[in-house]
Amino acid sequence: MKLLKSAKIFDGENFVEGYSILVNRGVIEDLVPKEDELYISKIAEVMDFGDAIVAPGFIDTHTHMLNYGMNQETSIEKFETFKEISEFIKEFISQNDLPYYIFTDFDESRWKDVKTPTRSDLDKVSEKPIFLRRICGHMGVGNTSFIKLLSEKVDLNAVKYDAETGIFLEEIPLKIHSIFPYSEDFQEQALLKAQDIFLKNGITTIHEIGTYRELRLLQKLRREGKLRIRVRFYISDTTPYNFEYTGIESGLGDQLLKFQGLKYFADGSVGGESALFSFPYGRRKSQGLWLLKENIEEEFKKALELNLQIAIHAIGNLAIKRVLNIIKEIGSGESFRIEHFEFPEDEDIEKAKNLKVKISVQPNFIYNWGQENGMYESKLGKFFVRNNPLKKFIKAGLEFAFGTDAMPPSPIIGIKGVTLHPLCEERLTIEEALKYFTKKCAVLTQEESLLGEIKRGYLADFVIVDNNLEEIKATIVNGEVLSCGRNN
């Protein structure tokens with residue numbers, strides 16, 4: 001047995017003082033009053049975290065751990081000009097002899113010379129095949145030699161591609177690592193490296209969105225005892241018809257690794273100007289893209305028949321409206337969740353609530369792009385203040401929770417984001433922010449009696465954080481300290 005002592009506990013709902021946490025075999029045995037600590041400490045190992053806060057382990061309800069790990073070696077997020085990126089690419093190519101080079105996470109909205117790079121820009125950098133994927137994952141650009149290489153694998157007439165600029169939207173950037181895969185050994189090392197980073201950020205459970213390839217890799221790590229973070233997995237490159245004769249349903253697995261459902265895209269991103277709005281916006285002055293295929297209702301009905309949860313990416317107000325109309329036509333929304341749900345109309349917040357649709361929100365987006373003078377304002381004008389209306393969600397009784405989308409994989413950044421919303425009336429308190437990264441997250445996978453709270457019988461997953469909610473002191477999964485945290 002272990003006794004966890006701290007100045008304060010966040011139990012998933014409120015801050016409480018005067019108690020310690022007794023853990024036995026990976027489960028919370030009880031909350032022990034301070035006056036009983038002396039007796040309990042004689043039979044339990046004492047872990048004293050001083051004046052820190054002990055909270056339920058963070059649950060990240062929308063992320064991409066494998067992609068995050070693979071991107072660490074080739075991320076260009078930190079650079080502020082295209083010139084700096086060009087120099088980095090040249091040096092990387094000089095040190096690595098590869099058949100192609102994929103660089104990720106560029107964010108031109110933060111550059112001093114704000115301009116999306118083009119095919120001709122990359123041709124000047126190198127004749128080697130180069131592809132740059134934007135941080136949102138929904139837009140990318142290739143040079144001439146890369147596009148030639150890609151044309152041998154993909155029909156360019158069948159994808160969203162501008163031949164003049166070399167800019168791709170949606171299919172190619174989203175699936176770039178599947179089209180040009182890394183070796184299995186590289187992927188495993190990338191996933192393990194990312195797992196360490198997620199744990200250091202206090203994340204103990206993730207809702208991972210990926211491909212069959214990643215699911216197989218996670219199962220391998222599970223068998224070999226290398227998987228230390230709890231995973232609820234959503235497959236993004238499949239249809240329910242592939243499950244018709246397998247007997248696989250949502251929730252299949254164990255407390256460490258479970259298959260959860262299917263992931264679809266209804267639109268793209270604001271940064272890539274492919275999120276679908278009811279008005280033209282951005283540099284291209286278009287409304288964005290609608291990505292769900294015709295007669296998708298039949299596919300969704302088949303998924304529900306097979307007891308598969310359906311997660312649908314929808315960011316723009318028009319995409320959200322169309323998705324909710326489809327769900328309403330089908331009938332029940334209890335097995336649906338909408339990812340992001342960033343710019344809903346008031347009537348659609350109410351509709352989502354009435355349909356019992358679950359929502360995964362990314363407050364990191366507020367921190368990154370949703371404040372005054374940020375990327376959202378540059379693309380959407382005054383409409384940008386309507387991003388992530390969190391207080392409206394709460395007042396409506398909407399069932400929602402937070403995720404990071406690995407941008408970055410830090411709930412601490414997300415918690416800061418909710419305190420910086422451009423509309424004061426939409427900002428949350430620290431208690432509310434913590435609740436939507438813990439207790440409320442478990443509802444999205446129907447695990448509210450297992451995860452997300454510090455209560456008798458719940459799994460012993462905790463994050464230890466300083467009083468200012470800025471530094472992760474430790475991360476505990478199943479009663480075991482797996483990380484000593486990081487300074488965010």
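The values are calculated or read from the model by the stated rules, or taken from the named source; none is laboratory data. Predicted model, so just to flag it, every value in this text is computed and none were measured. Cβ atoms come from the backbone with ideal geometry, glycine included; neighbour counts cover every protein chain shown. These accessible areas exclude ligands, DNA and RNA; they are computed on the full protein's heavy atoms, side chains included. Shrake-Rupley method; radii C 1.70, N 1.55, O 1.52, S 1.80 Å.
Scan the range 340-354 and report the pairs whose first residue is in contact (Cβ under 8 Å) with a residue 60 or more places away in the chain and whose second residue is in a helix (DSSP H, G or I) and open to solvent by 10 Å² or more (accessible area, probe 1.4 Å), with Cβ atoms within less than 6 Å and a gap of 6+ or a chain change.
Between residues of the range 340-354 that are in contact (Cβ under 8 Å) with a residue 60 or more places away in the chain and residues that are in a helix (DSSP H, G or I) and open to solvent by 10 Å² or more (accessible area, probe 1.4 Å), the close pairs are PHE343/ARG386.
Of the residues TYR234, TYR241, which is in contact (Cβ under 8 Å) with a residue 24 or more places away in the chain, open to solvent by less than 10 Å² (accessible area, probe 1.4 Å), among the hydroxyl-bearing types (Ser, Thr, Tyr) and outside any loop (DSSP other than H, G, I, E, B)?
Among TYR234, TYR241, only TYR234 is in contact (Cβ under 8 Å) with a residue 24 or more places away in the chain, open to solvent by less than 10 Å² (accessible area, probe 1.4 Å), among the hydroxyl-bearing types (Ser, Thr, Tyr) and outside any loop (DSSP other than H, G, I, E, B).
Check the range 129-136 and report whether any residue there is in contact (Cβ under 8 Å) with a residue 24 or more places away in the chain and open to solvent by 30 Å² or more (accessible area, probe 1.4 Å).
Within the range 129-136, none of the residues are in contact (Cβ under 8 Å) with a residue 24 or more places away in the chain and open to solvent by 30 Å² or more (accessible area, probe 1.4 Å).
In the list ASN96, ASN67, ASN71, ASN24, which residue meets the criterion of being within 30 Å of VAL361 (Cα to Cα) and either out of contact with any strand residue (DSSP E or B) (no Cβ under 6 Å at 6 or more places or on another chain) or free of Cβ contacts under 8 Å to residues at least 12 places away in the same chain (or both)?
Details: ASN96 fails: within 30 Å of VAL361 (Cα to Cα); ASN71 fails: either out of contact with any strand residue (DSSP E or B) (no Cβ under 6 Å at 6 or more places or on another chain) or free of Cβ contacts under 8 Å to residues at least 12 places away in the same chain (or both); ASN24 fails: within 30 Å of VAL361 (Cα to Cα).
Going through ASN96, ASN67, ASN71, ASN24 in turn, just one is within 30 Å of VAL361 (Cα to Cα) and either out of contact with any strand residue (DSSP E or B) (no Cβ under 6 Å at 6 or more places or on another chain) or free of Cβ contacts under 8 Å to residues at least 12 places away in the same chain (or both): ASN67.
Tally time: how many residues in the range 290-304 are open to solvent by 70 Å² or more (accessible area, probe 1.4 Å) and either in contact (Cβ under 8 Å) with a residue 24 or more places away in the chain or not charged (D, E, K, R) (or both)? Before the answer, list the steps.
Restricting attention to the range 290-304, the residues satisfying the condition of being open to solvent by 70 Å² or more (accessible area, probe 1.4 Å) are 290, 293-295, 298, 301.
Subset that is either in contact (Cβ under 8 Å) with a residue 24 or more places away in the chain or not charged (D, E, K, R) (or both): 290, 295, 301.
Adding up the residues that qualify gives 3.
Among (1) closer than 19 Å to HIS313 by Cβ; (2) crowded, with 17+ Cβ neighbours inside 10 Å, there is one condition LEU217 misses while meeting the rest; what is its number?
Of everything listed in (1) closer than 19 Å to HIS313 by Cβ; (2) crowded, with 17+ Cβ neighbours inside 10 Å, LEU217 misses just condition (1).
From the list GLY12, GLY26, pick out the single residue that is at pLDDT 95 or above and crowded, with 16+ Cβ neighbours inside 10 Å.
When all the criteria are applied, what remains is GLY12.
Just the residues that are of a type in the set (Val, Ile, Thr) and either open to solvent by 20 Å² or more (accessible area, probe 1.4 Å) or in a loop (DSSP other than H, G, I, E, B) (or both), please, taken from the range 454-467.
Across the range 454-467, the qualifying residue is only ILE454.
Out of PHE300, PHE265, which single residue is closer than 22 Å to ILE235 by Cα and within 21 Å of the chain's Cα centre (by Cα)?
Answer to the check: PHE265.
For the range 1-15, which positions are part of a strand (DSSP E or B) and either acidic (Asp, Glu) or within 15 Å of VAL465 (Cα to Cα) (or both)?
Correct list: LEU4, LYS5, LYS8, ILE9, PHE10, PHE15.
Which residue pairs have Cβ atoms closer than 8 Å, lie 6 or more positions apart in sequence or on different chains, and pair a first residue in the range 177-188 that is in contact (Cβ under 8 Å) with a residue 40 or more places away in the chain and part of a helix (DSSP H, G or I) with a second residue that is of a type in the set (A, V, I, L, M) and open to solvent by 40 Å² or more (accessible area, probe 1.4 Å)?
No pair meets every condition.
Within the range 399-408, is there a residue that is open to solvent by 10 Å² or more (accessible area, probe 1.4 Å), farther than 23 Å from ILE197 by Cα and at pLDDT 95 or above?
Looking for residues that are open to solvent by 10 Å² or more (accessible area, probe 1.4 Å), farther than 23 Å from ILE197 by Cα and at pLDDT 95 or above, one finds at least one in the range 399-408, hence yes.
Evaluate the following for GLY282: is it surrounded by 13 or more Cβ atoms within 10 Å (Cβ to Cβ), out of contact with any strand residue (DSSP E or B) (no Cβ under 9 Å at 6 or more places or on another chain), small (Gly, Ala, Ser) and under 21 Å from THR116 (Cα atoms)?
So GLY282 fits the description; yes.
Give me the residue from the range 422-453 that is touching a Leu at 6+ places or on another chain (Cβ under 7 Å) and not in a helix (DSSP H, G or I) and, out of that set, farthest from ASP11 (Cα to Cα).
LEU428
Looking at the range 244-262 only, could you name the residues that are more than 22 Å from the chain's Cα centre (by Cα), among the charged types (D, E, K, R) and at pLDDT 95 or above?
If the condition is that a residue be more than 22 Å from the chain's Cα centre (by Cα), among the charged types (D, E, K, R) and at pLDDT 95 or above, then GLU249 is the only one that fits.
Considering only the range 386-398, state which residues are open to solvent by 10 Å² or more (accessible area, probe 1.4 Å), closer than 16 Å to LEU428 by Cβ and either assigned to a helix (DSSP H, G or I) or at pLDDT below 95 (or both).
The answer is LYS391, LYS392, ILE394, LYS395, ALA396.
Residue by residue through the range 156-176, note down the ones that are open to solvent by 40 Å² or more (accessible area, probe 1.4 Å) and in a loop (DSSP other than H, G, I, E, B).
Selection gives ALA163, GLU164, LYS175.
Tell me yes or no: at least one residue of the range 199-214 is open to solvent by 30 Å² or more (accessible area, probe 1.4 Å), out of contact with any Pro (no Cβ under 8 Å at 6 or more places or on another chain) and free of Cβ contacts under 8 Å to residues at least 60 places away in the same chain.
yes
Of all residues in the range 177-190 being of a type in the set (A, V, I, L, M, F, W, C) and touching a Lys or Arg at 6+ places or on another chain (Cβ under 9 Å), which is most open to solvent (accessible area, probe 1.4 Å)? Reasoning before the result, please.
To start, the set of residues in the range 177-190 that are of a type in the set (A, V, I, L, M, F, W, C) comprises 179-180, 186, 190.
Then keep just the ones that are touching a Lys or Arg at 6+ places or on another chain (Cβ under 9 Å); that gives 179-180.
Numbers: ILE179: 37, PHE180: 3 Å².
Per the stated criteria, the residue is ILE179.
Among LYS416, LYS473, which is the only one that is touching a residue at least 40 places away in the same chain (Cβ under 8 Å), over 23 Å from TRP369 (Cβ atoms), open to solvent by 40 Å² or more (accessible area, probe 1.4 Å) and not acidic (Asp, Glu)?
LYS473
Six or more apart or on different chains, Cβ under 8 Å: which pairs go from a residue in the range 41-52 that's under 12 Å from ALA474 (Cα atoms) to one that's open to solvent by 100 Å² or more (accessible area, probe 1.4 Å)? Could you list them?
Taking only residues 6 or more apart or on different chains, not a single pair turns up.
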